[in-house]
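Notes for the one structure printed next.
The values are calculated or read from the model by the stated rules, or taken from the named source; none is laboratory data. Computed from a predicted model, the values in this text were never measured in an experiment. Reconstructed Cβ throughout: ideal geometry from the backbone, glycine too, with neighbour counts over all protein chains shown. In case anyone asks, the SASA skips ligands and DNA or RNA and just uses the protein heavy atoms, side chains included. Shrake-Rupley method; radii C 1.70, N 1.55, O 1.52, S 1.80 Å.
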Amino acid sequence: MRYAIFSDVHSNLEALEAVVSACKKESIDKYFCAGDIVGYAASPNKCVEIVRQLAMITVAGNHDWAAVDLFSLDYFNPDARDSLLWTKRALTPESKVFLESLTPVYQNNELTLVHGTLNNPREFNYLQDVSSAEESFLLQDTAVCFLGHTHIAGVFTRGSEGKISYSSQTLVKLGQGNKYIVNVGSVGQPRDLDPRPAYCVYDTQKKTIKIQRVSYDIKSARNRIIEAGLNHSLGNRLLDGR
Ligand code: ZN
(Lines give C-alpha, C1' and ligand atoms only; values in the text may rest on other atoms or scores of the structure.)
Protein backbone atom coordinates (compact mmCIF):
# COMPACT_ATOMS: atom_id res chain seq x y z
CA MET A 1 0.00 0.00 0.00
CA ARG A 2 1.01 3.54 -0.66
CA TYR A 3 -0.44 6.03 1.75
CA ALA A 4 -0.33 9.81 1.36
CA ILE A 5 -0.48 11.61 4.68
CA PHE A 6 -0.79 15.35 5.02
CA SER A 7 -1.71 17.89 7.65
CA ASP A 8 -2.44 21.52 8.41
CA VAL A 9 -4.13 22.51 5.18
CA HIS A 10 -5.50 25.58 6.96
CA SER A 11 -8.04 26.58 4.31
CA ASN A 12 -5.30 27.11 1.70
CA LEU A 13 -7.05 25.81 -1.41
CA GLU A 14 -4.21 26.54 -3.85
CA ALA A 15 -1.73 24.57 -1.74
CA LEU A 16 -4.12 21.65 -1.21
CA GLU A 17 -4.87 21.39 -4.93
CA ALA A 18 -1.14 21.29 -5.69
CA VAL A 19 -0.61 18.45 -3.21
CA VAL A 20 -3.60 16.47 -4.47
CA SER A 21 -2.51 16.74 -8.09
CA ALA A 22 1.02 15.63 -7.16
CA CYS A 23 -0.45 12.63 -5.29
CA LYS A 24 -2.65 11.70 -8.28
CA LYS A 25 0.52 11.20 -10.33
CA GLU A 26 2.03 8.62 -8.02
CA SER A 27 -0.49 5.83 -7.39
CA ILE A 28 -1.66 6.52 -3.86
CA ASP A 29 -4.04 3.92 -2.42
CA LYS A 30 -5.33 5.86 0.52
CA TYR A 31 -5.21 9.37 1.95
CA PHE A 32 -4.90 10.44 5.56
CA CYS A 33 -5.13 13.93 7.03
CA ALA A 34 -3.67 14.72 10.45
CA GLY A 35 -5.99 17.66 11.14
CA ASP A 36 -6.34 21.43 10.87
CA ILE A 37 -8.18 21.52 7.56
CA VAL A 38 -9.43 25.01 8.41
CA GLY A 39 -8.22 28.23 10.07
CA TYR A 40 -5.90 31.02 8.83
CA ALA A 41 -6.72 31.16 5.10
CA ALA A 42 -9.68 31.89 2.88
CA SER A 43 -11.18 28.60 1.61
CA PRO A 44 -12.44 26.52 4.53
CA ASN A 45 -15.45 24.97 2.77
CA LYS A 46 -13.62 24.02 -0.42
CA CYS A 47 -10.81 22.44 1.56
CA VAL A 48 -13.29 20.46 3.69
CA GLU A 49 -15.03 19.35 0.49
CA ILE A 50 -11.79 18.09 -1.10
CA VAL A 51 -10.86 16.19 2.03
CA ARG A 52 -14.29 14.55 2.09
CA GLN A 53 -14.18 13.66 -1.62
CA LEU A 54 -10.86 11.89 -1.22
CA ALA A 55 -12.56 9.78 1.47
CA MET A 56 -9.62 10.44 3.67
CA ILE A 57 -9.35 9.35 7.21
CA THR A 58 -8.96 12.59 9.09
CA VAL A 59 -8.33 13.33 12.74
CA ALA A 60 -9.27 16.54 14.52
CA GLY A 61 -6.93 19.50 14.75
CA ASN A 62 -7.28 22.31 17.26
CA HIS A 63 -8.51 24.70 14.55
CA ASP A 64 -11.07 22.17 13.28
CA TRP A 65 -12.57 21.73 16.71
CA ALA A 66 -12.37 25.41 17.67
CA ALA A 67 -14.25 26.32 14.49
CA VAL A 68 -17.21 24.21 15.68
CA ASP A 69 -17.00 25.13 19.38
CA LEU A 70 -15.44 21.85 20.51
CA PHE A 71 -12.22 23.57 21.64
CA SER A 72 -11.64 26.90 23.39
CA LEU A 73 -10.59 29.99 21.43
CA ASP A 74 -8.55 30.99 24.50
CA TYR A 75 -5.83 28.58 23.30
CA PHE A 76 -5.02 30.72 20.25
CA ASN A 77 -2.98 33.85 19.58
CA PRO A 78 -4.91 36.93 18.34
CA ASP A 79 -4.27 36.32 14.60
CA ALA A 80 -5.38 32.71 14.84
CA ARG A 81 -8.40 33.63 16.95
CA ASP A 82 -9.52 36.31 14.48
CA SER A 83 -9.19 33.88 11.59
CA LEU A 84 -11.22 31.31 13.52
CA LEU A 85 -14.01 33.81 14.12
CA TRP A 86 -13.97 34.52 10.36
CA THR A 87 -13.97 30.74 9.67
CA LYS A 88 -16.91 30.13 12.00
CA ARG A 89 -18.96 32.66 10.02
CA ALA A 90 -17.87 31.21 6.67
CA LEU A 91 -18.47 27.50 7.33
CA THR A 92 -21.51 25.88 5.75
CA PRO A 93 -23.70 23.56 7.84
CA GLU A 94 -22.26 20.60 5.88
CA SER A 95 -18.68 21.60 6.67
CA LYS A 96 -19.56 22.03 10.33
CA VAL A 97 -21.09 18.56 10.54
CA PHE A 98 -17.93 17.09 9.04
CA LEU A 99 -15.61 18.95 11.42
CA GLU A 100 -17.76 17.98 14.39
CA SER A 101 -17.44 14.31 13.39
CA LEU A 102 -13.62 14.27 13.64
CA THR A 103 -12.05 12.30 16.47
CA PRO A 104 -8.57 12.98 17.92
CA VAL A 105 -6.81 9.66 17.21
CA TYR A 106 -7.00 7.00 14.47
CA GLN A 107 -5.13 3.69 14.42
CA ASN A 108 -4.98 0.68 12.08
CA ASN A 109 -2.47 -2.18 11.84
CA GLU A 110 0.11 -0.07 10.06
CA LEU A 111 -0.11 3.41 11.46
CA THR A 112 -1.42 5.83 14.05
CA LEU A 113 -2.67 9.30 13.21
CA VAL A 114 -2.99 12.25 15.61
CA HIS A 115 -2.69 16.03 15.32
CA GLY A 116 -0.41 16.93 18.24
CA THR A 117 0.67 14.15 20.64
CA LEU A 118 -0.74 10.75 21.67
CA ASN A 119 -0.64 11.71 25.34
CA ASN A 120 -3.64 13.98 26.01
CA PRO A 121 -4.46 14.32 22.28
CA ARG A 122 -7.40 16.59 23.10
CA GLU A 123 -5.06 19.22 24.56
CA PHE A 124 -3.13 19.68 21.29
CA ASN A 125 0.33 19.95 22.77
CA TYR A 126 3.32 20.41 20.48
CA LEU A 127 5.64 17.49 19.86
CA GLN A 128 8.85 19.32 19.14
CA ASP A 129 11.62 17.76 21.17
CA VAL A 130 12.94 14.38 22.27
CA SER A 131 11.25 14.48 25.69
CA SER A 132 7.79 15.17 24.25
CA ALA A 133 8.44 12.45 21.64
CA GLU A 134 9.34 10.04 24.44
CA GLU A 135 5.97 10.55 26.16
CA SER A 136 4.08 10.03 22.92
CA PHE A 137 6.10 6.92 21.96
CA LEU A 138 4.98 5.26 25.22
CA LEU A 139 1.39 5.28 23.95
CA GLN A 140 2.19 4.28 20.36
CA ASP A 141 1.20 0.70 19.43
CA THR A 142 2.12 0.86 15.73
CA ALA A 143 5.59 1.20 14.21
CA VAL A 144 4.74 4.59 12.73
CA CYS A 145 2.71 7.54 13.96
CA PHE A 146 1.98 10.48 11.68
CA LEU A 147 1.16 13.92 13.01
CA GLY A 148 1.39 17.63 12.28
CA HIS A 149 0.57 20.74 14.37
CA THR A 150 4.06 22.32 14.46
CA HIS A 151 4.08 22.83 10.66
CA ILE A 152 7.69 21.60 10.62
CA ALA A 153 8.39 18.33 8.84
CA GLY A 154 10.76 15.82 10.47
CA VAL A 155 11.11 12.34 11.92
CA PHE A 156 11.71 11.10 15.48
CA THR A 157 13.14 7.58 15.63
CA ARG A 158 13.15 5.37 18.72
CA GLY A 159 15.61 2.51 18.39
CA SER A 160 14.90 -0.93 19.86
CA GLU A 161 17.20 -0.01 22.76
CA GLY A 162 15.01 3.04 23.50
CA LYS A 163 17.27 5.84 22.29
CA ILE A 164 15.43 8.64 20.49
CA SER A 165 16.86 10.76 17.70
CA TYR A 166 15.48 13.48 15.43
CA SER A 167 16.14 14.10 11.77
CA SER A 168 14.82 16.49 9.16
CA GLN A 169 15.94 14.20 6.35
CA THR A 170 13.20 13.59 3.80
CA LEU A 171 13.64 9.87 3.11
CA VAL A 172 13.58 7.28 5.89
CA LYS A 173 13.92 3.52 5.47
CA LEU A 174 12.07 1.83 8.34
CA GLY A 175 14.22 -0.46 10.46
CA GLN A 176 13.04 -3.61 12.25
CA GLY A 177 12.19 -2.96 15.90
CA ASN A 178 12.28 0.82 15.59
CA LYS A 179 9.36 3.16 16.12
CA TYR A 180 8.82 6.40 14.27
CA ILE A 181 6.94 9.63 14.80
CA VAL A 182 6.69 11.44 11.48
CA ASN A 183 5.72 15.08 11.42
CA VAL A 184 4.44 15.50 7.88
CA GLY A 185 4.77 19.29 7.96
CA SER A 186 2.04 21.59 6.65
CA VAL A 187 0.22 21.87 3.34
CA GLY A 188 -1.20 25.32 3.83
CA GLN A 189 1.21 27.20 6.07
CA PRO A 190 4.73 25.69 6.24
CA ARG A 191 6.91 27.18 9.00
CA ASP A 192 10.29 25.65 8.21
CA LEU A 193 11.37 28.50 5.93
CA ASP A 194 10.46 26.45 2.86
CA PRO A 195 7.17 27.92 1.59
CA ARG A 196 6.32 24.86 -0.51
CA PRO A 197 3.49 22.63 0.77
CA ALA A 198 4.74 19.42 2.42
CA TYR A 199 3.18 15.95 2.44
CA CYS A 200 4.36 12.43 3.14
CA VAL A 201 4.21 9.15 1.22
CA TYR A 202 4.39 5.93 3.26
CA ASP A 203 5.09 2.85 1.14
CA THR A 204 4.33 -0.17 3.32
CA GLN A 205 5.91 -2.65 0.86
CA LYS A 206 9.19 -0.80 0.46
CA LYS A 207 9.03 0.30 4.10
CA THR A 208 9.91 3.85 3.22
CA ILE A 209 8.66 7.21 4.38
CA LYS A 210 9.27 10.15 2.15
CA ILE A 211 8.45 13.79 2.86
CA GLN A 212 7.87 15.66 -0.37
CA ARG A 213 7.29 19.27 -1.38
CA VAL A 214 5.43 20.81 -4.29
CA SER A 215 5.40 24.25 -5.82
CA TYR A 216 2.19 26.29 -6.07
CA ASP A 217 0.86 29.74 -6.74
CA ILE A 218 1.68 31.33 -3.38
CA LYS A 219 0.87 34.86 -4.51
CA SER A 220 -2.73 33.91 -5.40
CA ALA A 221 -3.17 32.21 -2.04
CA ARG A 222 -1.75 35.28 -0.28
CA ASN A 223 -3.92 37.70 -2.23
CA ARG A 224 -7.11 35.80 -1.51
CA ILE A 225 -6.38 35.88 2.22
CA ILE A 226 -6.01 39.64 2.06
CA GLU A 227 -9.07 40.11 -0.21
CA ALA A 228 -11.15 38.04 2.23
CA GLY A 229 -10.43 40.64 4.91
CA LEU A 230 -8.19 38.38 6.96
CA ASN A 231 -5.06 39.74 8.65
CA HIS A 232 -2.40 40.60 6.03
CA SER A 233 0.28 38.85 8.05
CA LEU A 234 -1.52 35.53 7.44
CA GLY A 235 -1.00 36.06 3.73
CA ASN A 236 2.49 37.47 3.89
CA ARG A 237 3.90 34.65 6.05
CA LEU A 238 3.13 32.20 3.23
CA LEU A 239 5.74 33.90 1.05
CA ASP A 240 8.53 33.07 3.50
CA GLY A 241 7.28 29.78 4.92
CA ARG A 242 7.21 31.02 8.51
ZN1 ZN B 1 -1.99 23.89 12.31
Of all DSSP beta bridges in the chain, antiparallel share, percent nearest 5: 65
Segments 15-22, 131-138 sorted - mean Cβ within 10 Å per residue, highest first: 15-22, 131-138
Label-point separation, L193 to S220 (7 Å along Cα→Cβ), nm: 2.9
Gaussian network model of the chain, springs between alpha carbon atoms under 10 Å - residue of L102, L111, L139 with greatest fluctuation: L139
For the chain, projected area of the alpha-carbon convex hull averaged over all directions, nm²: 11.6
Solvent accessible area, Å² - H149, 1.4 Å probe, full protein context: 10
Accessible surface, per residue, of the chain when the full set of protein chains is kept, probe 1.4 Å, Å²: 43
Peptides ranked, highest mean first, by Cβ atoms within 10 Å: ranges 66-73, 88-95, 161-168: 66-73, 88-95, 161-168
Burial order of peptide ranges 193-202, 49-58 (average beta-carbon count within 10 Å, highest first): 193-202, 49-58
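A 26 angstrom limit on the alpha carbon distance is what I want to check against. Which of K46/K207; K24/K173; K46/K88; K25/K210; K173/K219 exceed it?
Violating the 26 Å Cα-Cα cut-off are K46/K207; K173/K219.
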